[in-house]
Amino acid sequence: MKRNILITGGAGFIGSSVVRLFVKKYPAYRIVNLDKLTYAGNLENLRDVERAENYTFLRGDILDIELLATIFQEYTIDSVIHLAAESHVDRSIHNPDEFALTNIIGTIRLLRAAQAAWHTNFQGKLFYHISTDEVYGSVTSGYFTETTALDPRSPYSASKAGSDHFVVAFNNSYGMPAVISRCSNNYGPYQFPEKLIPLMINNIMHNKPLPVYGKGENIRDWLYVEDHARAIDAIFHSGRSGEVYNIGGNNEWRNIDLVKLLCQIMDKKLNRPEGTSGRLITFVKDRPGHDLRYAIDPAKVISETGWRPETDFATGLELTVDWYLSNTEWLAHVTSGEYLKYYDKMYANR
Ligand code: NAD
Ligand code: DAU
């Protein structure tokens, strides 16, 4: 079957992995990637598909309702995979308004554009919203399931929970065919180096301190980005409208243990004496309201779609480290200019 899919945020970390997968795997689909190219969006992430016949890139803002209407009409869009967002928790603590605008209002605008284009016939249509496990808050024991009550605790997670509620509301109030997935922490190539794993790799490469928040005891469940993209593919094709699917890697790590592991890997890769990178670890002031633990139960997506993570952590970390070591131009490009000012300001008070 032919599909005309609007992917938002396709020039970001996860979005570029999803665009790459869909463009290559489904030559009969038209993939339209709408991205504003904020500091986190980068067309270098998509060099290998940019000339593909079934791919179109449009630079634009999901807040621009007129642009959205034109795109739905011009490309007869029948499905949306919505990833565009402000995605970094630390930034949300400094600038919550921007997160509310992009993540909540932007999602509402996209829903309204889909509603306006599709309301006479919802047959064969799908609005797929990409959310996060952070909307469930922090869990000390057990796992988040799809029925866990939402308890967002940072401006970022509050804005994502807000957008989730609007997707549910459009499904419930207008019959919009919609599905939501909530994934744990992703890692892999092309992740902007403000997030834990690429930040540590980049700092080790440059012999800079490795800022571990608080005591480093917070726990995250890590999933390789291409496994997330495959889960999105599975849910897009066989998820049920009106449902939520949790995605995770069953791969929990305390931050400090993960940073120490990265230090060991990097010492070997850089031919440095064992223990060299570890000496860069610096415990800094904790993130305000820092959620202690995220942990996902992915049983539903596994049983309903047959998806499973394929990349074990040792392999995924090795692939990731190798990618950053051989893409120093990409790293230098994305960390130049504004980012450096942001980084120095962010870490000055820690
Ligand atoms: P990212 O920050 O790397 O990329 C976000 C992309 O959205 C960028 O390309 C940016 O230019 C674009 N964008 C931002 N505002 C826009 C706007 N107003 N209009 C159009 N484009 C805009 O984010 P990511 O880590 O790839 O996350 C993608 C999605 O997945 C987000 O919705 C995030 O909440 C969710 N998510 C992320 C993770 C993770 O670990 N990174 C885990 C679960 C869910
Ligand atoms: O769980 C899914 C979420 O994972 C996504 O929805 C978010 O978009 C994504 O950014 C990520 O959020 P986290 O806050 O968990 O990711 P981050 O990489 O910022 O931090 C991971 C952990 O490492 C967290 O406990 C904070 C800690 N940390 C982070 C940074 C950047 C440090 O100790 N030092 C650091 O410098």
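The values are calculated or read from the model by the stated rules, or taken from the named source; none is laboratory data. Everything numeric here is computed off the predicted structure, so don't read it as measured data. Using ideal geometry, Cβ is built from the backbone for each residue, glycine included, and neighbour counts are taken over all protein chains shown. SASA here: full protein model, heavy atoms, side chains in, ligands and nucleic acids out. Shrake-Rupley method; radii C 1.70, N 1.55, O 1.52, S 1.80 Å.
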Item to check | residue 157 vs. criteria surrounded by 23 or more Cβ atoms within 10 Å (Cβ to Cβ), touching an Asp or Glu at 6+ places or on another chain (Cβ under 7 Å) and closer than 30 Å to residue 47 by Cα | outcome: no
Next on the checklist: Test of understanding: among 58, 67, 21, 63, which residue is within 15 Å of ligand 1 (Cβ to nearest atom), out of contact with any Lys or Arg (no Cβ under 9 Å at 6 or more places or on another chain), not polar (S, T, N, Q) and not in a strand (DSSP E or B)?
Outcome noted: 67
Item to check | Subset of segment 33-47 (residues that are closer than 13 Å to residue 189 by Cα and in contact with a strand residue (DSSP E or B) (Cβ under 8 Å, 6 or more places away or on another chain)) | outcome: 46
Checklist outcome for this item: Restricted to segment 196-223 and to residues being within 13 Å of ligand 1 (Cβ to nearest atom) and open to solvent by 10 Å² or more (accessible area, probe 1.4 Å), the residue farthest from residue 124 (Cα to Cα) is 196
Checklist entry - Among 189, 193, which is the only one that is modelled with pLDDT of 95 or more and open to solvent by 10 Å² or more (accessible area, probe 1.4 Å)? => result 189
Next on the checklist: Out of 98, 44, I need the residue that is within 12 Å of ligand 1 (Cβ to nearest atom), open to solvent by 20 Å² or more (accessible area, probe 1.4 Å), touching a His at 6+ places or on another chain (Cβ under 8 Å) and among the acidic types (Asp, Glu). Which one?
Outcome noted: 44
Checklist entry - Before we move on, is residue 320 open to solvent by less than 10 Å² (accessible area, probe 1.4 Å), of a type outside the set (Asp, Glu) and at pLDDT 95 or above? => result yes
Checklist entry - Out of segment 75-87, which residues are acidic (Asp, Glu) and in contact with a strand residue (DSSP E or B) (Cβ under 9 Å, 6 or more places away or on another chain)? => result 78
Next on the checklist: So residue 151 passes all but one of these: (1) within 30 Å of residue 117 (Cβ to Cβ); (2) more than 15 Å from ligand 1 (Cβ to nearest atom); (3) in a loop (DSSP other than H, G, I, E, B). Which condition number does it fail?
Outcome noted: (1)
Checklist entry - Got a number for residues in segment 272-287 being among the basic types (Lys, Arg) and either within 16 Å of ligand 2 (Cβ to nearest atom) or farther than 16 Å from residue 207 by Cα (or both)? => result 2
Checklist entry - What about residue 83, is it within 10 Å of ligand 1 (Cβ to nearest atom) and either under 19 Å from the mean Cα position of the chain (by Cα) or crowded, with 20+ Cβ neighbours inside 10 Å (or both)? => result yes
